[in-house]
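Below is one structure, written out as structure tokens; the observations come after it.
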């Protein structure tokens, strides 16, 4: 079944473990061993810089492609473009970009960013437009927007090798994200709803030139009982977590709001699609839980609904990767 999806995974978020960076390298090497194409590096203020982590992984793998989350309020488009092109030129490997508007309002305020969500989407679109012009234009660019002004700007020499051209991901579930993806992106990445709703509500309004990617966890074992034992131990759902999830239904972020509402409706959908990890506060995405075959069949439905890229979240060990491989290739 692995021929249905381009396969990526996200790397573990920062924690207090003293060997965190060694763990990042270890997971990257395991992902490459299991033929993952690349790894996603998240962004928030409590995480190490994603570009530095990307450099670390490039140095320790043979061909894994980093997908770096880029948030406009954190780094301007000129700096991001220079870092990306330099990494690509030095390593001979492309660096993909995952553009995010930023869902954490508390982080935005700490950075002095008081834009409304509508304004943030407008800024994101300007940012992407500048990035693409800087990377592809052979002449200096002129740009006068609401949020960025550049005059006669050139960063040459930039990459002129098509193999090093960055693939552009846009993450989100709102109509604004879909609009931006249709205009600028190669891939739109989302935390999917249960497959029936995903097919009905999401894929239908995307341009044919944009690939659909889903970010989802997989906990699969030889038996469903064993898989659920692992899932419940890894992501315990407390009464406090359930109460906190109810507040998230008011979030300005479409994907946070959608996930919260699905979790309020039911923690489990279709006997496989589980929101317990999200409700627990320990995962940011839904998780498919069950025996290898039942998870495989559910994933096939996402492929039939239009998903072409699968980004696995939460794989923490070689055992996890091996069981996911059993789902994809068993």
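The values are calculated or read from the model by the stated rules, or taken from the named source; none is laboratory data. Model, not experiment: these values are computed from the prediction. Because the Cβ atoms are built from the backbone with ideal geometry, glycine has one as well, and the counts that use them run over all protein chains shown.
Just a few scattered comments:
- Some residue of region 274-289 being without any contact (Cβ under 8 Å) to a residue 40 or more places away in the chain and surrounded by fewer than 17 Cβ atoms within 10 Å (Cβ to Cβ): no
- Residues in region 248-260 that are surrounded by fewer than 21 Cβ atoms within 10 Å (Cβ to Cβ), touching a residue at least 60 places away in the same chain (Cβ under 8 Å) and in contact with a helix residue (DSSP H, G or I) (Cβ under 7 Å, 6 or more places away or on another chain): 251, 252, 256.
- Counting the residues of region 145-155 that are without any contact (Cβ under 8 Å) to a residue 60 or more places away in the chain, outside any loop (DSSP other than H, G, I, E, B) and under 30 Å from the mean Cα position of the chain (by Cα) gives 1.
- When region 266-291 is filtered for residues that are at positive phi, in a loop (DSSP other than H, G, I, E, B) and modelled with pLDDT of 95 or more, the ones remaining, listed by number, are 270, 271.
- Criterion: in a helix (DSSP H, G or I) and modelled with pLDDT of 95 or more - qualifying residue of 249, 229, 215: 229
- For region 1-17, a residue qualifies if it is more than 20 Å from residue 282 (Cα to Cα), part of a loop (DSSP other than H, G, I, E, B) and modelled with pLDDT under 85, and exactly one does: 1.
- Where a residue in region 33-50 is free of Cβ contacts under 8 Å to residues at least 24 places away in the same chain and its partner, wherever it lies, is part of a strand (DSSP E or B), with Cβ under 6 Å and at least six apart: 50/41; 50/68; 50/69
- Close Cβ contacts (under 7 Å, 6 or more residues apart or on different chains) running from residues in region 111-137 that are part of a loop (DSSP other than H, G, I, E, B) to residues that are exposed (fewer than 15 other Cβ atoms within 10 Å of the Cβ) are absent.
- Scanning region 48-60 for residues that are buried (at least 20 other Cβ atoms within 10 Å of the Cβ) and either within 14 Å of residue 29 (Cα to Cα) or out of contact with any helix residue (DSSP H, G or I) (no Cβ under 6 Å at 6 or more places or on another chain) (or both) gives 50, 53, 54, 57, 58.
- Only listed residue being surrounded by 20 or more Cβ atoms within 10 Å (Cβ to Cβ) and either at pLDDT 90 or above or in contact with a helix residue (DSSP H, G or I) (Cβ under 9 Å, 6 or more places away or on another chain) (or both), chosen from 25, 68, 78: 68
- So residue 263, is it modelled with pLDDT under 90, in a helix (DSSP H, G or I) and surrounded by 19 or more Cβ atoms within 10 Å (Cβ to Cβ): yes
- Restricting region 81-91 to residues that are within 23 Å of residue 22 (Cα to Cα) and surrounded by fewer than 18 Cβ atoms within 10 Å (Cβ to Cβ), the residue that is nearest to the chain's Cα centre (by Cα) is 91.
- Filter result (within 27 Å of residue 212 (Cα to Cα) and loosely packed, with under 15 Cβ neighbours inside 10 Å) within region 30-47: 33, 35, 47
- Scope region 293-311; condition outside any helix (DSSP H, G or I) and either in contact with a helix residue (DSSP H, G or I) (Cβ under 9 Å, 6 or more places away or on another chain) or without any contact (Cβ under 8 Å) to a residue 40 or more places away in the chain (or both); matching residues: 305, 306, 307, 308, 310
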